[in-house]
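Have a look at the structure below, then the notes.
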Amino acid sequence: MLTIAFLALLCASASATEIQPRASSYSGEYGGGGGERFSQSGNQLDGPITAIRIRVSSYYIVGLQVRYGTVWSDYVGGTSGDLDEIFLYPGESIVQVSGKYKTYLRKLVFVTDKFRFLSFGKDKGTSFNAAPLYPNTVLRFISGRSGSLIDAIGFHWDFYPSDYESC
């Protein structure tokens, strides 16, 4: 009798696991092999991505910083070049990122679910296109490598946090 109850419980938990939709995926790493590793994985706990700061020189993406909810991540990269800042609309999410790289990151284009294209950098190098593997998922955080420039970047996708109140 105990064996039958155990098997029933095992089957019930296996079928419950099967109906759980997969959500998280990773795209990358795009760029060269230099720099120190960084990850903003803990920042996603502050909320969804709400703004992006990108520092761009004549040839490269020099640095970046992302705002999660109302909290800015640590800045990564160098200090040369011009700083651009873009704010997302309340409830807007990044659903695709494309760009170019050679030894360093050269261009980033963020595409939102409101059909905005937020473009930074120069159109030279090897192209990449990053998108989530699963439907209804969005960019939750970034990782990569940086030094005086952004050497490489990766994108982490998951569901939009349902318990987050927009700013």
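The values are calculated or read from the model by the stated rules, or taken from the named source; none is laboratory data. The structure displayed is predicted, hence computed values, not measured ones. Cβ coordinates were reconstructed from backbone atoms using ideal geometry, including for glycine residues, and neighbour counts include every protein chain displayed. Calculation scope for accessible area: heavy atoms of the full protein, side chains included, ligands and nucleic acids excluded. Shrake-Rupley method; radii C 1.70, N 1.55, O 1.52, S 1.80 Å.
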Please work out if residue 160 is among the hydroxyl-bearing types (Ser, Thr, Tyr), open to solvent by less than 60 Å² (accessible area, probe 1.4 Å) and either more than 18 Å from residue 54 (Cα to Cα) or at pLDDT 95 or above (or both).
no
When the stretch 95-117 is examined, which residues are found to be in contact (Cβ under 8 Å) with a residue 24 or more places away in the chain, closer than 23 Å to residue 32 by Cβ and part of a strand (DSSP E or B)?
96, 97, 98, 99, 100, 101, 105, 106, 107, 108, 110
Name the residue, out of 26, 75, 60, 89, that is of a type in the set (Phe, Trp, Tyr), under 16 Å from residue 110 (Cβ atoms) and at pLDDT 95 or above.
89
Please specify each residue of the stretch 118-132 satisfying the condition of being among the hydrophobic types (A, V, I, L, M, F, W, C) and either free of Cβ contacts under 8 Å to residues at least 60 places away in the same chain or open to solvent by 40 Å² or more (accessible area, probe 1.4 Å) (or both).
131
If I ask for residues that are open to solvent by 30 Å² or more (accessible area, probe 1.4 Å) and in contact with a strand residue (DSSP E or B) (Cβ under 7 Å, 6 or more places away or on another chain), which ones from the stretch 99-113 would you list?
100, 101, 102, 104, 106, 107, 113
Out of (1) surrounded by 13 or more Cβ atoms within 10 Å (Cβ to Cβ); (2) out of contact with any strand residue (DSSP E or B) (no Cβ under 8 Å at 6 or more places or on another chain), the one residue 137 does not meet is (2)
